[in-house]
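Participant: Pasting in a structure now, in structure tokens, and then I'll have a few things to ask.
What follows draws every value from the coordinates through simple rules; no lab data is involved. The structure presented is a predicted model; accordingly, all values stated were derived computationally and were not measured. Note that each Cβ is placed from the backbone with ideal geometry, even for glycine, and that neighbours are counted across all protein chains shown.
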Amino acid sequence: MHLSKVIAILKQDYNFREIIDEQNIWHYHLSKDLAQIKIKQLSYDSRKISEGTLFFVKGQNFKKSFLEQAVNLGMRFYVSQIPFKVKGTTAILVNNVREAMALIAQAFFNHPEQKLKIVAFTGTKGKTTSAYFVKDILDQTTKQRTALLSTIKTTLDGKKYFNSKLTTPESLELYKMMNQAVNQKMTHLVMEVSSQAYKMKRVYGLIFDVGVFLNISEDHIGPIEHPNFEDYLYCKRQLLYNSRRIILNKKADYFALLLEESKEINVPIYLYGKSASGTDYFIKTDTDNFFKFNVCAGSRNRDSSLTGEYIIRLAGDFNKENALAAMMAAFLVGADKNAAQKALTKTTVPGRMEILVQKNGAHVYVDYAHNKLSLAALLQFVKTHHQGLLIVVLGSPGSKGLSRRKDFGEVLSKFADIAVLTEDDPDFEDPIEIAQKIANHITSPKTIVKIFTKRPQAIHYALSLTKSANDAIVLAGKGVDCYQIIKSEKVPYQGDLAIVQKFL
């Protein structure tokens, strides 16, 4: 890409301010020599620089020394919202560097988003499970030509998976990954879109073929995330404006707002839920079978192609609803009922509803449930199917999602017989203090509270309390994470599943 293309993109998006050259002279147009400069790499990491790199200055903690480090490695041109007086550099000033980075990345990687059918999920819970469902359904249709970007794992060739760093990658990584997927002959991409992805402009300018809004509840509110729920919901709703077709959960909180907004955008809307009224499709659950359900045509149905019986491997009505949303999304980008029926019987999700059984018959559920909505749905399911003790092991992360502490206390008060509170990515906070804040919101006198500093001790204690197959333990929050975040470092952790297996 030539530098002239960079300037053209910025001007077209009304994001360009001026150019300040190496002699500190201000320009609105590039000189002929600069216009022909070739950009060979994009980076926002001053340690990852080579000759021909266009550097993006982003982040609240950015220091001038980072720019000087990049210059020493061969960088000459940078995009920034403010100028830095660093010898040997030309500054391209913009109003929003993250928006600039996203659009320039699209063009630099030759617009891979235009070569893929993209399904995107947002919601407080269920994004990962739904994404895995769609991935497996589309694999049946595309012969494994479906890439996946999820909170847990990523695959760019449809087969080999690696651990994800963010729910939605930064724009530079996002388009680089999309380009790799295109080069690997992928035809479809399934991805999760977090509220932070919109707040931090990671998906700025990206239009999805299908956008699915699963649900919403208060989460991710804190000093490094969203200042309040309104901001969180507003960021989530940006998916509606950036999708060619929209799928909505009719029973989601704030559904009326979502529907009004979707109609204003004037794109096709598809609704699902648990009743025929006002939906395209709805589910009927089999009360005698955790895993079987029927998809039925709703009152506004325009195509009954998906009606029929389905079986999934993940227990719980909430997973059946996720499966229906996934089917509808996959159908809109080329899949059919047969593909869905075959795929759903095989889909598993790392860290979601992993079930082990103690020698006494008690069930142990390992699940990533890490907010009010997901925890309540999980505990309600377990409570319904186990009449004995319900023992819950969980913590809450440090420095973020501060509202979860109150939320968890309220949910535990409603469902848990014994709450075992412990560490869960405490970061710079004391895990005991976090646990105590959760305990302060447990108001039920029937809920017994125990606090442990270390998670393995908490799990061992919980396992020691069960007596029969009527009892159940839920290990919530960590899923398959094999680390604890302590003082910004990922400290190795065995993982909940491995710890349970060891004790069993």
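Participant: Using the basic label-point model (7 angstrom from Cα toward the beta carbon), what is the Lys446 to Gln184 distance in nanometres?
Facilitator: 5.0 nm
Participant: Kindly provide the trypsin sites (Lys or Arg not before Pro) of segment 69-166 that DSSP labels as loop, not H, G, I, E or B, and whose Cβ sees at most 11 other Cβ atoms within 10 Å.
Facilitator: Hits after loop and neighbour filter: Lys85, Lys87, Lys143, Lys159, Lys160, Lys165.
Participant: If you take the square roots of the eigenvalues of the alpha-carbon gyration tensor of segment 201-241 and sort them as a ≥ b ≥ c, do you get rounded (a/c under 1.5), prolate (a/b over b/c) or oblate?
Facilitator: Oblate.
Participant: Which residues in segment 161-177 place their backbone N less than 17 Å from a point set 7 Å from the Cα of Lys115 along the Cα-to-Cβ direction?
Facilitator: 173-177, by backbone N distance to the label point.
Participant: Once both labels are modelled 7 Å past Cα along the beta-carbon direction, what's the Lys414-Lys454 spacing in nm?
Facilitator: 3.5 nm
Participant: Could you calculate the contour length gain from Lys406 to Asp21, that is, 0.36 nm times the residue separation minus the distance between their Cα atoms, to one decimal place in nm?
Facilitator: 133.3 nm is the gain from fully extending Lys406 to Asp21.
Participant: Using θ = phi - 60° and the Karplus relation 6.51 cos²θ - 1.76 cosθ + 1.60, list the HN-Hα couplings for segment 380-394 in order, rounded to whole Hz, with x at every Gly or Pro.
Facilitator: Using θ = phi - 60°, the values come out as 5, 4, 5, 4, 5, 9, 9, 8, x, 5, 10, 10, 10, 10, 7 Hz.
Participant: Continuing with the same structure: Can you give the extra length, in nm with one decimal, that the chain gains between Asn294 and Lys64 once fully stretched, where that is 0.36 nm per residue apart less the Cα-Cα distance?
Facilitator: Full extension of this stretch gives 76.8 nm more.
Participant: Report the extension gain between Ala8 and Arg244 in nm, rounded to one decimal, defined as 0.36 nm multiplied by the number of residues separating them, less their alpha carbon distance.
Facilitator: 82.3 nm
Participant: Looking only at the chain, where both bridge partners belong to it, what percent of the DSSP beta bridges are antiparallel (to the nearest 5)?
Facilitator: Percent antiparallel among DSSP bridges in the chain is about 35.
Participant: Measuring from centroid to centroid over Cα atoms, what is the spacing of segment 248-320 and segment 30-86 in Å?
Facilitator: Cα centres, segment 248-320 to segment 30-86: 48 Å.
Participant: Further, regarding this structure: For the pair Lys38 and Thr348, how long in nm is the line joining their label points, each one 7 Å along Cα→Cβ?
Facilitator: Label-label distance for Lys38 and Thr348, simple model: 4.8 nm.
Participant: Let me ask something additional. Apply the a/c threshold of 1.5 to the C-alpha gyration tensor of segment 354-503 and tell me whether it is rounded, prolate or oblate.
Facilitator: Taking the square roots of the gyration eigenvalues as a ≥ b ≥ c, segment 354-503 is oblate.
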